[in-house]
Amino acid sequence: MLLFNSFLFCGFICFISQIILDNSKLTPGHITSILVVIGAFLDTFNIYDEIVRRVGGGALIPITSFGHSLIHGALAKAESVGIIGIFMGMFDLTAAGITAAIIFSFINTLIFNPKD
Amino acid sequence: MMKNTKYNLIADSHKSEETKIKNAIIAFFTGGLIGLIGEGMIELFCLNFSMSRTDAGTLMIVVYIFIASLSTALGFFDKLVSICRCGLLIPITGFAHSMTSSSLDYKKEGPIYGIGSNMFKLAGSVIIYGVLAAWFFGLIRYLLGGSL
């Protein structure tokens, strides 16, 4: 069931984004930024947590999950150390993704040359 | 990814309704397939490496980033993106793709002013607006009270 929900949810986000992309002047950069903000907003009242619980992995893959992880880490840290935790815990959960992207991008850039 | 923005805008305005619907359906199926394989990976990692679901989710994202970064460097990810569009750009693969492609594009300008300062050229906006939004909403949530 989670597999099917993942397919539907991830597909739905991409479907909506493609419709916005085709029918407006926004670039993919605008759309990804908007989706990150939406993800952070949805997690403010734990809506995205509920989506992750019901959908599973499919909800972790779209870029909305990035905003969700940012605010989730910040709030988790704020719970234990107070208001300064919002600064400290921001990258707690997304650290793996950002680090992996930097490391793999750098290694691949060193090995390969741009193709045109 | 966004190099030919102006060209794309002009091309988009001449697209027929039929192409738009076709694009949206392709995006739905590729995005859905990525989500399906991601959930499959999580269940596989949980079962085989006795990981917790959270760890398996993180590993799954790292695997996707690795695949997207490698296929961008090999050169065939761009061709797939021109077919699938949002189906590949909205999932985490788009994030890895934008970082690898911008650092490859500026490779010739050297390690510091080329790769170092341009790697986040496209992905930077996602991180900056994500942090701004998360900080702002997080502060509101913290001040309103309530536990996670």
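Any read-out appearing in this document is the output of simple, stated calculations on the displayed coordinates, not a laboratory observation. No experiment lies behind these values; they were computed from the predicted model shown. Virtual Cβ from ideal backbone geometry, glycine too; neighbours counted across all protein chains shown.
Return yes when residue B:38 is in contact with a Cys (Cβ under 6 Å, 6 or more places away or on another chain), of a type outside the set (A, V, I, L, M) and either within 16 Å of residue B:85 (Cα to Cα) or in a helix (DSSP H, G or I) (or both) and no when it is not. Even if it seems obvious, please write down each step before you answer.
Details: in contact with a Cys (Cβ under 6 Å, 6 or more places away or on another chain): no; of a type outside the set (A, V, I, L, M): yes; either within 16 Å of residue B:85 (Cα to Cα) or in a helix (DSSP H, G or I) (or both): yes.
In short, no.
For segment B:19-74, give me the residue count where each residue is hydroxyl-bearing (Ser, Thr, Tyr) and within 30 Å of residue A:110 (Cα to Cα).
Going through segment B:19-74, the residues hydroxyl-bearing (Ser, Thr, Tyr) turn out to be B:19, B:30, B:50, B:52, B:54, B:58, B:64, B:69, B:71-72.
Okay, now just the ones that are also within 30 Å of residue A:110 (Cα to Cα), so B:30, B:58, B:64, B:69, B:71-72.
Of the residues in segment B:19-74, 6 are hydroxyl-bearing (Ser, Thr, Tyr) and within 30 Å of residue A:110 (Cα to Cα).
Which of the residues spanning segment B:17-29 are more than 7 Å from every other protein chain (Cβ to nearest Cβ) and either hydrophobic (A, V, I, L, M, F, W, C) or closer than 17 Å to residue B:80 by Cβ (or both)?
Listed by number, the residues that qualify are B:21, B:22, B:25, B:26.
Going residue by residue through segment B:47-61, is there one that turns out to be within 14 Å of the chain's Cα centre (by Cα) and hydrophobic (A, V, I, L, M, F, W, C)?
Going through segment B:47-61, the residues within 14 Å of the chain's Cα centre (by Cα) turn out to be B:60-61.
Imposing the further condition that a residue be hydrophobic (A, V, I, L, M, F, W, C) reduces the set to B:60-61.
So far as segment B:47-61 goes, yes, one or more of its residues are within 14 Å of the chain's Cα centre (by Cα) and hydrophobic (A, V, I, L, M, F, W, C).
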Identify the single condition in (1) touching a Cys at 6+ places or on another chain (Cβ under 7 Å); (2) within 7 Å of chain A (Cβ to nearest Cβ) that residue B:58 does not satisfy, given that it satisfies every other one.
(1)
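With A:107, A:98 as the choices, which residue is among the hydrophobic types (A, V, I, L, M, F, W, C), within 8 Å of chain B (Cβ to nearest Cβ) and surrounded by fewer than 19 Cβ atoms within 10 Å (Cβ to Cβ)? Quick ask: steps written out before the conclusion?
On the way: A:107 fails: within 8 Å of chain B (Cβ to nearest Cβ).
Within the list A:107, A:98, the selection yields A:98.
One residue is enough: does segment B:79-95 have a residue meeting the conditions more than 7 Å from chain A (Cβ to nearest Cβ), assigned to a helix (DSSP H, G or I) and closer than 13 Å to residue A:101 by Cα? Give the derivation first.
Taking segment B:79-95 first, the residues more than 7 Å from chain A (Cβ to nearest Cβ) are B:79-84, B:88, B:93.
So of that shortlist, the ones also assigned to a helix (DSSP H, G or I) come out as B:79-84, B:88, B:93.
Filter again for closer than 13 Å to residue A:101 by Cα, leaving B:93.
Yes - at least one qualifying residue is present in segment B:79-95.
Across segment B:106-138, what is the total count of residues that are more than 18 Å from the chain's Cα centre (by Cα), crowded, with 16+ Cβ neighbours inside 10 Å and either within 8 Å of chain A (Cβ to nearest Cβ) or not small (Gly, Ala, Ser) (or both)?
Residues of segment B:106-138 that are more than 18 Å from the chain's Cα centre (by Cα), as a first pass: B:106-117, B:132-138.
With crowded, with 16+ Cβ neighbours inside 10 Å added as a condition, the list becomes B:106-107, B:114-115, B:133-138.
Those still in the list that are either within 8 Å of chain A (Cβ to nearest Cβ) or not small (Gly, Ala, Ser) (or both) too: B:106-107, B:115, B:133-138.
Within segment B:106-138, residues that are more than 18 Å from the chain's Cα centre (by Cα), crowded, with 16+ Cβ neighbours inside 10 Å and either within 8 Å of chain A (Cβ to nearest Cβ) or not small (Gly, Ala, Ser) (or both) number 9.
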Scanning segment A:8-54 residue by residue, those surrounded by 24 or more Cβ atoms within 10 Å (Cβ to Cβ), closer than 17 Å to residue B:29 by Cβ and not aromatic (Phe, Trp, Tyr) turn out to be A:10, A:11, A:13, A:14, A:17, A:18, A:21
Those residues of segment A:60-92 which are over 9 Å from the mean Cα position of the chain (by Cα), assigned to a helix (DSSP H, G or I) and either facing chain B (nearest Cβ under 9 Å) or of a type in the set (S, T, N, Q) (or both) amount to A:71, A:72, A:73, A:74, A:75, A:76, A:78, A:79, A:80, A:85, A:86, A:87
